[in-house]
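The values are calculated or read from the model by the stated rules, or taken from the named source; none is laboratory data. These figures come from a predicted structure and were not determined experimentally. Quick reminder, even Gly has a Cβ in these numbers, built from the backbone with ideal geometry, and neighbours come from all protein chains shown. Areas reflect the complete protein model, heavy atoms only, side chains present, ligands, DNA and RNA absent. Shrake-Rupley method; radii C 1.70, N 1.55, O 1.52, S 1.80 Å.
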Amino acid sequence: NAEVHGGSRANSPQKMAEWFSGSAIDRCGNLRGDSVWMNEQLTHALAKFLPFFNLDVLCVKNNDQTQLGWISGSDPAVKNMNLSVEDPLGVRFVFLGVDMRTELNEPLFALDVTGFEDTFASTDKTWRNVRDVVMSLGDEPERSAILSQARSMLDWHHRHRFCPGCGSRTAWGDGGYKLKCTNASCVSQSSVQNYTYPRTDPVVIACIYKGDKLLLGRQKRFPPGMYSCIAGFMEPGESIEEAVTREAKEETGVVVLPSGVRYHSSQPWPFPSSIMIGCLAEAESEEILVDGKELEDARWFTLSQVQEAASLSPRHIKTIAQTTGDIPMWLPPRMAIARSLIQSWIKSRMNQPSL
């Protein structure tokens with residue numbers, strides 16, 4: 001039953017506001033280090049595998065809807081890969097956890113099929129970039145959360161096939177959540193190293209405002225017309241508030257005090273593996289100074305301008321561009337935490353309950 005796997009269904013995570021969060025999986029972190037138990041999950045009659053090829057996920061088209069291409073462990077394509085817990089240098093797979101959405105308690109795995117991809121191909125299945133497929137999954141955060149976990153973990157495996165400490169091959173362990181260097185004299189054998197376990201890079205992203213004006217910026221790589229919140233990686237030895245203050249000053253020249261920063265929400269971001277720490281921040285100054293390195297432009301937008309941008313769909317943006325020849329200012333898609341932060345600010349300025 002569910003209790004055997006380390007949690008009860010009544011206590012399973014609830015849906016969250018942010019995409020890539022709200023997973024309905026019990027990761028069974030207290031059990032996956034047991035090779036006997038892990039082998040039972042790998043050979044379980046209900047085990048399911050989500051194949052990836054070069055970090056693209058297998059998808060199935062069904063009645064114009066995209067579905068993740070889960071495959072049973074009994075499928076010949078999976079069996080031919082000879083997956084084994086006892087072969088730490090073999091095919092890389094990751095135990096995602098036990099599916100708590102039903103009473104079946106199905107073990108779920110992410111599977112790197114690079115080199116075997118042709119055996120998984122068919123007329124109704126295709127390999128798709130994770131960024132592209134997320135928005136077509138519908139309003140079910142738990143599916144995007146599973147996809148986030150799977151892609152981040154396999155990306156980590158791709159980047160750490162060899163030990164960064166000495167260059168030797170790494171061996172799979174702990175259900176895929178630990179990579180051990182095969183060189184007995186490596187420094188990683190005698191101490192905890194950040195390349196032994198999966199890393200998550202913290203990024204602060206701030207919705208910076210002053211009264212009824214919102215500060216948004218754009219990078220050169222953004223699609224034409226898109227503006228977003230100010231964001232940047234945290235550095236060692238600084239708090240979330242200090243990171244927001246530093247990023248605001250470095251990227252826009254706008255002064256934000258740590259006391260004016262408040263936490264809003266967070267979002268896993270599997271490109272490759274970050275945790276977006278969303279904040280609302282009140283600015284002390286308005287003068288903008290963009291150096292052209294981090295951002296190519298930053299502006300203060302009025303509440304009405306932001307509301308108008310929030311109302312635009314991709315179809316509306318395309319129509320306006322074709323009709324006027326100009327691309328309107330628009331906001332990041334709803335899968336991004338930046339959109340959630342902006343919507344929260346809009347609601348707060350309209351005296352409505354915050355998201």
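A few points about this structure:
- Test: residue in region 91-99 that is more than 22 Å from Val130 (Cα to Cα), surrounded by fewer than 19 Cβ atoms within 10 Å (Cβ to Cβ) and either of a type in the set (Val, Ile, Thr) or in contact with a His (Cβ under 9 Å, 6 or more places away or on another chain) (or both): no
- Scanning region 188-237 for residues that are aromatic (Phe, Trp, Tyr) and crowded, with 18+ Cβ neighbours inside 10 Å yields Tyr209, Tyr227.
- Note on region 153-187: among residues that are over 20 Å from Leu42 (Cα atoms) and hydroxyl-bearing (Ser, Thr, Tyr), the one that is surrounded by the most Cβ atoms within 10 Å (Cβ to Cβ) is Thr170.
- Enumeration of residues in region 1-55 that are modelled with pLDDT of 90 or more, outside any loop (DSSP other than H, G, I, E, B) and more than 23 Å from Pro88 (Cα to Cα): Ile25, Asp26
- For region 103-142, taking the residues that are more than 27 Å from Gly175 (Cβ to Cβ) and charged (D, E, K, R), the one that is surrounded by the most Cβ atoms within 10 Å (Cβ to Cβ) is identified as Asp132.
- For region 238-257, the candidate set comprises residues that are open to solvent by 60 Å² or more (accessible area, probe 1.4 Å) and under 14 Å from Ala281 (Cα atoms); within that set, the residue that is farthest from the chain's Cα centre (by Cα) is Leu257.
- Residue ID - farthest from the chain's Cα centre (by Cα), chosen from residues in region 300-332 that are open to solvent by 60 Å² or more (accessible area, probe 1.4 Å) and modelled with pLDDT of 90 or more: Ser304
- Candidates Asp118, Asp132 - the one that is under 22 Å from the mean Cα position of the chain (by Cα) and in a helix (DSSP H, G or I): Asp132
- The residue of region 258-273 that is nearest to the chain's Cα centre (by Cα), among those that are open to solvent by less than 70 Å² (accessible area, probe 1.4 Å) and either of a type in the set (Gly, Ala, Ser) or on the phi > 0 side of the Ramachandran plot (or both), is Ser273.
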